[in-house]
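I have placed the structure first, in the form of structure tokens, so that the comments after it can refer back to it.
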Amino acid sequence: MTLIYDERSARSHDAGAEAFQALATAAAGWGALRAAVELRLPDLLPETPTAVTELAALAGAAPTRLAQLVAVLADVGVLALDERALVSHTPLSRALRSADGLPLTRLLTAGWADEAWRGLADGVRADASPFELVHGHSLFARFATDPAAAEVFHEAVATGPGDPFDEAIRAALDLTGVARVADVGGGRGRLLAALLREHRKVSGVLFDLPEAVRDAAPELRGDDRVEIRAGDLFVDRVGSADVYVLRTVLHMLDDEQAVRALANVRADAPAHARVVVVEALSDDPEHRTYAAHSSLRLFVLCGGRERSTAEFAGLFDRAGLELRSVTATGTPYHLLEAAPRLNPRTDG
Ligand SMILES: C[S@@+](CC[C@H](N)C(=O)[O-])C[C@H]1O[C@@H](n2cnc3c(N)ncnc32)[C@H](O)[C@@H]1O
């Protein structure tokens, strides 16, 4: 038998092994991060450099196993480890602290969110929400009965991804001549509050599920231009407004639900109304990585996804609306503006 050495195939194996190694390293990093949060290391680690054995005592962990964990945490920047084998905080470990950490880190590392990834393969097979396959109920059903989980989610949404995105979105949204804005699925009303701060003559409606609006931004509660309405988009009508904004609401819904949500808005929308959907677009070449990763995360959490411009046009059409314009904001988010279609062909 002759052994033939195929150089091209050997090279592709090397590259494949390297890519796999990078992913395996990332997976170990994520697993270590999750364990660090579960062990509450960011909360327990003192401000001064601390020996692993001391941290192990604080965490109730086996010192040699904690040392293994800390080695990877230090490698991925969750903690720092110096030449004396002392552990210290990094910006990331501070961002993970439960009292003053970033709400988004609490959402992504929450056990109930992270466990949903176990359902990904089955979800892909069955076109079913991995979260539901793993937990037996939907994300929003979870929030209705688990106030702590709802708090983690709405706090993360109300604070991230931060002001630069908000500013760009506000700047792109023209409210000239508008009297009433409805923030549909507006969460705690972070966007509505900012819009009303800028436009003193505009009144607003904040519409969302009870567990979202119960902690509505305090400045909305004290503003007599504001109506706060606890409701379910699939059951309760949003009512009349000149502009309806749905920011990152549709991407949490599957197509049927998204059409129902838009049809609800359409039902009371006056002929001149504008429906402004703010979403990342899967066909935006500038932010392809953002959209792809966000899309998969949405699928895992709630059966949603990021969509293309054409897919949004299709959803609008099915809900009796017509896509009129798409405005880029310089962030992953675009403003897709639609208007009621007056031709009764498929309206309703
Ligand atoms: C990602 S958050 C976006 C919140 C807000 N628009 C923002 O950009 O800050 C999606 C929102 O849709 C709301 N939502 C989802 N399903 C809903 C339903 N059936 N009825 C009302 N609101 C719903 C959620 O409660 C949540 O506040």
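Every number here is computed from the coordinates shown, using simple stated rules; none is lab data. Only a predicted model underlies this, so the values are computations on that prediction, with no experimental measurement involved. Backbone-built Cβ (ideal geometry, glycine too); neighbour counts: all protein chains shown.
Only one residue of 126, 303, 278 has its Cα farthest out toward the positive end of the dipole of the chain, where Lys and Arg carry +1 and Asp and Glu -1 on Cβ, and that residue is 278. Other residues lying with their Cβ under 14 Å from the Cβ of residue 299 contribute a combined charge of -1, Lys and Arg counting +1, Asp and Glu -1.
The overall shape of segment 73-192, judged from the alpha-carbon gyration tensor, is oblate: a/c is not under 1.5, and a/b is no greater than b/c.
By the count of other C-beta atoms within 10 Å, a proxy for reagent exposure, 316, 207 are ordered fewest to most as 316, 207.
When the Cα atoms of the chain are aligned to their principal axes, the ranges along those axes come out at 70, 65, 38 Å in descending order.
Look at where the Cα atoms of segment 88-103 and of segment 197-214 average out, and the two centres are 31 Å apart.
On a 0 to 90 degree scale, rounded to 10, what angle separates helix 63-75 from the longest Cα axis of the chain? So the inclination is approximately 60 degrees. Phi angles across segment 115-126 convert, under the Karplus curve 6.51 cos²θ - 1.76 cosθ + 1.60 with θ = phi - 60°, into 3J(HN,Hα) values of 4, 4, 4, 4, x, 4, 4, 5, x, 5, 4, 9 Hz, Gly and Pro given as x.
Compared with the dominant Cα axis of the chain, that is its longest principal axis, helix 163-172 is turned about 30°.
Loop-resident trypsin sites (Lys or Arg not before Pro) (DSSP state other than H, G, I, E or B) in segment 150-210 with no more than 16 further Cβ atoms inside 10 Å of their Cβ: 200, 201. Among 187, 136, 119, which one shows the biggest mean-square fluctuation in a GNM of the chain, springs joining Cα atoms closer than 10 Å? Taking springs between Cα atoms under 10 Å, the residue moving most is 136. With the convex hull of the Cα atoms taken as the outline of segment 209-339, the averaged projected area works out to 8.4 nm². In the chain, the longest principal axis of the Cα atoms and the axis of helix 309-318 are about 40 degrees apart.
Think of the chain as a dipole: +1 on every Lys or Arg Cβ, -1 on every Asp or Glu Cβ, centred on the Cα centre; then among 209, 331, 72, 209 lies furthest on the positive end.
Sequentially through segment 213-228, phi angles give Karplus couplings (6.51, -1.76, 1.60; θ = phi - 60°) of 7, 5, 10, 4, 3, x, 5, 6, 5, x, 10, 6, 7, 10, 10, 9 Hz, Gly and Pro residues having no value and appearing as x.
As a ratio to 2.2 N^0.38 Å, the alpha-carbon radius of gyration computed for segment 269-348 takes the value 1.18.
For segment 210-348, a simple Cβ point-charge model (Lys and Arg +1, Asp and Glu -1, everything else neutral) yields a dipole of about 160 debye relative to the Cα centre.
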